[in-house]
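Colleague: Have a look at the structure that comes next, please.
The values are calculated or read from the model by the stated rules, or taken from the named source; none is laboratory data. None of the values given here were measured: they were computed from a predicted structure. Heads up, the Cβs are rebuilt from the backbone with ideal geometry, glycines too, and the neighbour counts pull from every protein chain shown.
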Amino acid sequence: MQDFEPKIVAFVCNWCTYAGADLTGTSRTKYAANVKIIRFPCTGRIDFMILMKAFENGADGIIVSGCHPNDCHYSTGNFHARRRWIVFRNLMNFTGIDTERILFSWVSAAEGFKWADVVNNTVAKIREMGPYENYNKIAVSTLLKEEVSNHE
Amino acid sequence: MNELINKVTKLLNDKTIDAFIGYGQGSTDRVRAIFARTVEQASKLIYTPACTFNLSGYLLKHEVKHLGKLGILANVAALRSIMQLASEFQIKDGEVYILFVNDDASLTEFSDFQSIEAFLEKANIDITPDEKARIEKIEAMSVSERWEFWNKEFEKCIKCYACRAACPMCYCHRCTTDVNQPQWIPVASHERGNLDYHLMRAMHLAGRCINCGECANACPMDIPLNLLTYQLIDPIKTGFGATAGMKADAVYALSTFKPDDKENFII
Amino acid sequence: MDKELKILKYSDLSKLIERFRSKGFPVLAPVQKGKVIEIEPVDTLDTIALDVLLSTQSAKKAAFPKVEKVLEYTLEKAAVKQTAIDPNAYAETILFGVRPCDASGFKSLDAIFGEAPSDAFYLNKKEKTTIISFSCPTADDYCFCTSVGGGPGYTAGSDIQFTAISKDELLVEILTEKGKKLSGLFNDLLTDASPSIDKEKFLADVKVVFDLDKVISNTTAAFNSAELWLDQSLRCIGCGACAFVCPTCACFDFQDEQNTKKGVRLRLWDSCGFSLFTLHTSGHNPREVQSQRWRQRIMHKFSYMPEQLKVLGCEGCGRCSRACPVDMNIKEHLTSIALQ
Amino acid sequence: MSRIGVFVCHCGENISATVNCEKVAQISKELKGVEFSTDYKYMCSDPGQTMLKEAIKEHKLDGVVVAACSPRMHEPTFRKACSEAGLNPYLCEMSNIREHCSWVHPKDDLTTEKAEDLVRVMVEKVKKNKALNSIKVPVTKTALVIGGGVAGIQAALDIANCGHKVVMVEKQPSIGGHMSQLSETFPTLDCSQCILTPRMVEIAQHPNITLYTYAEVEKVDGFIGNFKITVRKKSKSLDEHLCTGCGLCTTKCPQKKIPNEFERGLGFRPAIYVPFPQAVPNKPVIDRENCTYYIKGKCKVCEIVCPTKAIRFDQEDELVEIEAGAIVLATGFDVLKSDFFPEYGYGKYKDVIDGLQFERLASASGPTMGEIRRPSDGQIPKKIVFVACAGSRDPAKGIEYCSKICCMYTAKHAMLYKHKVHDGTPYVFYMDIRAGGKMYEEFVRRAIVEDETQYIRGRVSTIYEKNGKLIVKGADTLMGAEPVEIEADMVVLATAGVANHGAEALAQTVHVSYDAYKFFAEAHPKLKPVETNTAGIFLAGACQAPKDIPESVAAASGAAVKVAALFSNDELTREPLIAVVNRQAPPVFSSCVGCFLCQSVCPYQAIEREEIKNRNGEVIKTLAKVNEGLCQGCGTCVALCRTKAIDIHGYSNQQVYTEVMALLND
């Protein structure tokens, strides 16, 4: 586990968190390189299925982040997203998907430092938790590597 | 039962409806849906304690719709399906003739959606204590136990899509499962394909499921699929004040919001 | 070969499984899991559900699994590099404790997959599978094997068949060379059986309910009887439960699963009951409505297969009717066709 | 097979100091579909862009990935460069290897690997990009101004003077709004009517302005550049063309005791009335609720006396359809009314009045002809107490905000009082004095120093009547919260400014968002203060939040400029990164099933219904359709759509799916 480097995908909105992460860069605040960002126009655009796709392609952790409530560039996208996450988190929890591996946050365009904290804390936490073995067992790569059993 | 047959006979004779969806005797100990288009067929209608399944899904089936103006014997679940379908613009008020059998075997006919809404306000729409207990049992497990539990259940799935076909809310012409650019849900019924499919389906039914249980009843592999959506009913009700299938003009819980929706996980 | 009749003590049955396993043969047998009975790999007799009527799914997955990898590939800069899957890389397997209808179902599959160009994946698995069936002491209302030429003690398709003739003894019919070879592993446990044993006495009574020839000729003639098919299928909701539990349904679909670097090609079960089964890219669907898909299911099994492959597509196991969420009862439907 | 070009920028040393740019370019070259890859010191420089353009032409590239700074910085730059080289600009994507990589990670292999990952993701994404064309929307060069107060007047005149048509809709019988009720204005004390009425007249006479008074907006359809508005012109029971405004009817009307709204109940008016003498239009309306004819069926005195026979008792409401390219909301505000302050006795004691009532008392055209007299007995009050923050900044009253204008008008009221009642004493209870503004602080000082207003910092706890006096109890917090008791003759409450009655309903009709206090919401509190979230709809004045006159006028001019800018083109050009509902071959036509759950999720009302008809004209399917003019591209509908029938350009399902795949499978 010593050299376990967590793979973490961040799904962020263009207007707040992406810009916030830009500010982290402009401020030269350092954070772990394990997190890679995928840009969305708004948290409202982030489909719950894309989170499933991230886990089954081998992500050990996920960050979802957007504008604070009332700050949405599109005025209400993050509110809709919030409801969706409340429900989806419930469902994940019920089906035994480890919700500790998904961090939801509001990071504004001004919160460059917060972004660095969010990333570093998440990386540290996932590093502690180890690879997401349950999901890795059914990951896409598993099917590619192993023989499909004779007796499915 | 005679009252029902007489009523439907009358409806068919005076051309109020062209076909009536009700229950008839099935194989051995089963009952099945029958579609009475003639007086003779209407005489085969039955109503017994076994007549519990939700017939409303047939209202949207292409060939059934083509029979003409439809009447239906609706139970509480079917009435709720009709309300939910109405809120999703799939059924219009007055389009379907709706009959309901009361506890004393008398018939109620619903003249409009408003009367159904009033009726449902007083109806028992809760999931059964047994279903509740099963959900609680799963909730009491640890995360990894839950994962194991569902993994074992989903392993059985053969992707026959009986759950989808039986669900009155799964009326999409092209399910996400059948979308292949991109292939969101693997077609294969391996562990991932099954997990993705059932999570997707549960999420798409969140806030829309009217707890009729047809998905689980239909499953030839006996997977308790209904629990997936049932356990979301309570959080959606307490969190957002929404219950599916109660009002014909309801706004879907997941396409609206309150600025002060409560959560405890976003930092 | 001529069949051999032997007797096995019921108490020795567990030794059979032990010996198969000790030789490294996987043993597939019905296992009770809640309300469903699955055909699964087993290690001991006590996990096998021998006294059940039928497994929920048929035994076809032993040679025709629901998900089967047929090809691997990598996406390289200039080209796609393929790696074929060796269809021979399959262990000798014993399919144990299935019913005669399951065993005879393989006849249909053999005909379908054996037709040129033959299907190496299926044929190799089938070739390496030895089937030990158990005749049926009981039946239910859904069973109609005798109406389609089979029966509770039907032996076609089985390599060995067991029939319980008393509380302690099983009649063993060694039916094929493959069966003979396998029986070498437990010859010492067998004693000769008297040829006078009346096996029929120990079998369920399954009444013939329709005239098969009538069904075949009427089905062929009914292609254009839209009303008939509509009447029968109005309640059909178009799921694939019937096809997926059927011992003879063989339709499949290919799907590629890949990431940006590599992928696999999978063969998966498919069903003619699905609306997308015949959908063309143009948007046209030659089987536009469910009644046409239902017609296809009946025609395929009772007209096209007998005509083209000289084998019936139904063993009368009744699984489709049991599994059907809306009580589409095939026995009833065939009876009504026979009476047309 | 794609032919993608990858261009890795060093950004001087900003990137290359921690990322091995040569290696990133090299590795990228090995990716499937990459035709060309290179690295360069400054991609955004002229030579850099030239290199990009030449590579596009030379290698016939059909996709470009520039790995450099944030796309929020230079995406437009590189898209433009691509466009100039003949490549559709939307086939260009950027990998952010500076802000998200080189600047936040140390120089090591992991950092270079991350840069490689980020490039790979964009290479895969760009393969799924589609060539897009910008969207053109025609513009109807007419503006609708809702509300005829000072803000609406200003906006309408500014737009009309730019040469564009304006339709103004006012709910009341006259334009003028609250400003026409004021006596004098701070900080100059010039007469409100004197500066406003000429502008009101200008509205009535302007060739580009059509004025509908006694009218309300009933329905708004359409989108920026193309709104369709239905206005209900309430019946005035009058033929306006025949009426000369002689006023005879109003003097003869036997109903004379109707509380006058314009005087805020301090005077009376007849049932057929002109709200105030300088009203525009200066023609009466019949208040049907109070008219004897409409109540009892007979009277018709006005009809009898009218010299031009202009009265029309059977006149009905008229619906007018208006096509407009832009809408300015200038519906103003209201002040909190009675029963909100039981502890202050408002509504119970006649001599406890609100600020607007005081304005009427002080106004030369008011019920007392400008003399400050108590409503109860007409006596001149010798001690008068002004209570600032009556309701404002008071969470207990549900109004947490500062109403902003009260400090100034309370000072003004004290001065006006002192100027009229030389021997009187004005007291002001206040929480803080907020006098930010040109000459504002000086104005308050004058009230204190020159006009000897007694300012007491503290809140009033209760007011009650005793021996014909109003006993005002409070505390002076600057004197150690010492209790203060004043025997006043009259009390004026500076009640909180609140959203206008019906603001919420109007917001829903017009489709703009509003805040928790029902004030209309601006698109951005700093950078888009006069825009709403609905493109083409702008805000002016106090409908957005309490504002004083100069602020309202400035906002109105701001809104007018936005409208004029919009009208400066015949067509609008919009980014095509919007949602689209798929279309497929019949018989399904689209995977959309018409559940319209997307409709309520859309913040912009951009989802419309599209009916598909067969040859006989029968509707066979109803689909969702995205209005290109309204959609802003948030994609919330896309994530909600169960059948994936809606997708969004630029962030399509294919694109984001591929990005995740590419990111996680190296």
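Colleague: Sort through D:81, D:131 and tell me the only one that's at pLDDT 95 or above, within 36 Å of the chain's Cα centre (by Cα) and more than 29 Å from residue D:330 (Cβ to Cβ).
Modeller: On the way: D:81 fails: within 36 Å of the chain's Cα centre (by Cα).
Every option except D:131 fails the conditions.
Colleague: Could you tell me how many of the residues in segment D:419-455 are crowded, with 20+ Cβ neighbours inside 10 Å and over 25 Å from residue D:547 (Cβ atoms)?
Modeller: Of the residues in that region, 2 qualify.
Colleague: Being closer than 14 Å to residue D:179 by Cβ and of a type in the set (D, E, K, R) is the filter here, so list the residues in segment D:523-570 that pass it.
Modeller: D:547, D:548, D:551
Colleague: Ok, one more. Can you list residue pairs whose Cβ atoms sit under 7 Å apart, with the first residue in segment D:173-197 being farther than 23 Å from residue D:212 by Cβ and the second being among the aromatic types (Phe, Trp, Tyr)? Count only pairs 6 or more apart in sequence or on different chains.
Modeller: D:186/D:409; D:186/D:443; D:187/D:440; D:187/D:443
Colleague: Moving on to the next point. Could you tell me which of the residues D:308, D:244, D:250 is in contact (Cβ under 8 Å) with a residue 12 or more places away in the chain, out of contact with any Gly (no Cβ under 9 Å at 6 or more places or on another chain) and not in a loop (DSSP other than H, G, I, E, B)? Spell out how you get there, then give the answer.
Modeller: Details: D:308 fails: not in a loop (DSSP other than H, G, I, E, B); D:244 fails: not in a loop (DSSP other than H, G, I, E, B).
Among D:308, D:244, D:250, only D:250 is in contact (Cβ under 8 Å) with a residue 12 or more places away in the chain, out of contact with any Gly (no Cβ under 9 Å at 6 or more places or on another chain) and not in a loop (DSSP other than H, G, I, E, B).
Colleague: For residue B:121, which of the numbered conditions (1) surrounded by 13 or more Cβ atoms within 10 Å (Cβ to Cβ); (2) part of a helix (DSSP H, G or I); (3) out of contact with any strand residue (DSSP E or B) (no Cβ under 9 Å at 6 or more places or on another chain); (4) not polar (S, T, N, Q) fails to hold?
Modeller: (1)
Colleague: State which residue pairs qualify: first residue under 17 Å from residue A:136 (Cα atoms) and polar (S, T, N, Q) and inside segment A:86-106, second residue part of a loop (DSSP other than H, G, I, E, B) and modelled with pLDDT under 95 in any location, beta carbons under 8 Å apart, and separation of 6 or more residues or different chains.
Modeller: A:99/B:265
Colleague: Filter segment C:233-265 for residues that are more than 29 Å from residue B:168 (Cα to Cα) and surrounded by 24 or more Cβ atoms within 10 Å (Cβ to Cβ); which is nearest to the other protein chains (Cβ to nearest Cβ)?
Modeller: Keep residues of segment C:233-265 that are more than 29 Å from residue B:168 (Cα to Cα), which gives C:247-248, C:250, C:254, C:256-265.
With the extra rule that they be surrounded by 24 or more Cβ atoms within 10 Å (Cβ to Cβ), the set shrinks to C:247-248.
Values: C:247: 14, C:248: 16 Å.
It comes out as C:247.
Colleague: What are the pairs, 6+ residues apart or on separate chains, where a residue within segment D:369-385 that is among the hydroxyl-bearing types (Ser, Thr, Tyr) has its Cβ under 6 Å from a residue that is buried (at least 19 other Cβ atoms within 10 Å of the Cβ)?
Modeller: Every condition considered, the pairs that remain are D:376/D:351.
Colleague: If a residue must be among the aromatic types (Phe, Trp, Tyr) and more than 8 Å from chain B (Cβ to nearest Cβ), how many such residues does segment A:79-113 contain?
Modeller: Of the residues in segment A:79-113, the ones among the aromatic types (Phe, Trp, Tyr) are A:79, A:85, A:88, A:94, A:104, A:106, A:113.
Those still in the list that are more than 8 Å from chain B (Cβ to nearest Cβ) too: A:113.
Looking only at that region, the number is 1.
Colleague: Let me ask another. Hey, among A:75, A:65, which residue is among the hydroxyl-bearing types (Ser, Thr, Tyr) and in a strand (DSSP E or B)? If you could, list the steps in order and put the result at the bottom.
Modeller: On the way: A:75 fails: in a strand (DSSP E or B).
One residue alone meets the criteria, A:65.
Colleague: Taking residue D:381, is it out of contact with any Pro (no Cβ under 9 Å at 6 or more places or on another chain) and more than 20 Å from residue D:455 (Cα to Cα)?
Modeller: Values: out of contact with any Pro (no Cβ under 9 Å at 6 or more places or on another chain): yes; more than 20 Å from residue D:455 (Cα to Cα): no.
No, not satisfied.
Colleague: With respect to residue D:277, is the statement that it is closer than 22 Å to residue D:552 by Cα, in contact (Cβ under 8 Å) with a residue 40 or more places away in the chain and not assigned by TED's automatic domain parsing to the domain that holds residue D:349 true? Don't jump to the end; show me each part of the working.
Modeller: Values: closer than 22 Å to residue D:552 by Cα: no; in contact (Cβ under 8 Å) with a residue 40 or more places away in the chain: yes; not assigned by TED's automatic domain parsing to the domain that holds residue D:349: yes.
It is false that residue D:277 is closer than 22 Å to residue D:552 by Cα, in contact (Cβ under 8 Å) with a residue 40 or more places away in the chain and not assigned by TED's automatic domain parsing to the domain that holds residue D:349.
Colleague: Right, something else. Considering only segment D:100-108, I want to know if a residue exists there that is buried (at least 24 other Cβ atoms within 10 Å of the Cβ), assigned to a helix (DSSP H, G or I) and not polar (S, T, N, Q).
Modeller: Yes, the conditions are met somewhere in segment D:100-108.
Colleague: Return the residues of segment B:69-92 that are touching a strand residue (DSSP E or B) at 6+ places or on another chain (Cβ under 6 Å) and part of a loop (DSSP other than H, G, I, E, B); say none if nothing qualifies. Don't jump to the end; show me each part of the working.
Modeller: First, pick out the residues of segment B:69-92 that are touching a strand residue (DSSP E or B) at 6+ places or on another chain (Cβ under 6 Å): B:70-74.
Hit for segment B:69-92 is B:74, nothing else.
Colleague: Could you check, for segment B:140-163, whether at least one of its residues is of a type in the set (Gly, Ala, Ser), buried (at least 24 other Cβ atoms within 10 Å of the Cβ), part of a helix (DSSP H, G or I) and at negative phi?
Modeller: In the first step, residues of segment B:140-163 are kept if they are of a type in the set (Gly, Ala, Ser); the result is B:140, B:142, B:144, B:162.
Next, only the ones that are buried (at least 24 other Cβ atoms within 10 Å of the Cβ) stay: B:162.
Filter once more, keeping what is part of a helix (DSSP H, G or I): B:162.
Next, only the ones that are at negative phi stay: B:162.
Yes - at least one qualifying residue is present in segment B:140-163.
Colleague: Can I ask one more? Within segment A:61-78, is even one residue over 26 Å from residue B:261 (Cβ atoms), within 14 Å of the chain's Cα centre (by Cα) and more than 8 Å from chain D (Cβ to nearest Cβ)?
Modeller: Of segment A:61-78, the ones over 26 Å from residue B:261 (Cβ atoms) are none.
No - not one qualifying residue is present in segment A:61-78.
Colleague: Sticking with this one: Looking only at segment A:121-143, which residues are part of a helix (DSSP H, G or I), of a type in the set (Val, Ile, Thr) and closer than 14 Å to residue A:55 by Cα?
Modeller: Let us first name the residues in segment A:121-143 that are part of a helix (DSSP H, G or I), namely A:121-129, A:133-137, A:140-143.
Adding the requirement that they be of a type in the set (Val, Ile, Thr) leaves A:122-123, A:126, A:140, A:142.
Those that are part of a helix (DSSP H, G or I), of a type in the set (Val, Ile, Thr) and closer than 14 Å to residue A:55 by Cα: A:126, A:140, A:142.
Colleague: Given the options D:438, D:382, name the one that is farther than 19 Å from residue D:182 by Cα and touching a Gly at 6+ places or on another chain (Cβ under 7 Å). It would help to see each step written out before you state the result.
Modeller: Numbers: D:438 fails: touching a Gly at 6+ places or on another chain (Cβ under 7 Å).
Result of the check over D:438, D:382: D:382.
Colleague: When you look at residue C:293, is it basic (Lys, Arg) and within 24 Å of residue C:278 (Cα to Cα), yes or no? Walk me through how you get there before you give the answer.
Modeller: Numbers: basic (Lys, Arg): yes; within 24 Å of residue C:278 (Cα to Cα): yes.
Yes, satisfied.
Colleague: Output the residues belonging to segment D:286-314 that are surrounded by fewer than 16 Cβ atoms within 10 Å (Cβ to Cβ) and on the phi > 0 side of the Ramachandran plot.
Modeller: D:297, D:300, D:309
Colleague: Just give me the residues in segment D:117-165 being in a strand (DSSP E or B) and more than 22 Å from residue D:333 (Cα to Cα), in sequence order.
Modeller: The initial filter retains those residues of segment D:117-165 that are in a strand (DSSP E or B), namely D:135-138, D:142-146, D:165.
Across segment D:117-165, the qualifying residues are D:135, D:136, D:137, D:138, D:142, D:165.
Colleague: Filter the strands (runs of 3 or more DSSP E) completely within segment C:1-117 down to those with at least 3 residues that are more than 14 Å from every other protein chain (Cβ to nearest Cβ) and over 22 Å from residue C:319 (Cβ atoms). Reasoning before the result, please.
Modeller: Working: elements: C:4-9, C:27-33, C:36-42, C:67-75, C:80-84, C:93-98.
Ranges flagged: C:4-9.
Colleague: From the set of residues in segment B:90-104 that are among the hydrophobic types (A, V, I, L, M, F, W, C) and more than 14 Å from chain D (Cβ to nearest Cβ), which is surrounded by the most Cβ atoms within 10 Å (Cβ to Cβ)?
Modeller: So in segment B:90-104, the residues among the hydrophobic types (A, V, I, L, M, F, W, C) come out as B:91, B:96, B:98-101.
Pick out the ones that are also more than 14 Å from chain D (Cβ to nearest Cβ) and you get B:96, B:98-101.
Working: B:96: 20, B:98: 23, B:99: 19, B:100: 19, B:101: 19.
Restricting to residues being among the hydrophobic types (A, V, I, L, M, F, W, C) and more than 14 Å from chain D (Cβ to nearest Cβ), the top hit is B:98.
Colleague: Is one or more of the residues making up segment D:654-665 within 14 Å of chain C (Cβ to nearest Cβ), of a type outside the set (Val, Ile, Thr) and surrounded by fewer than 18 Cβ atoms within 10 Å (Cβ to Cβ)?
Modeller: yes
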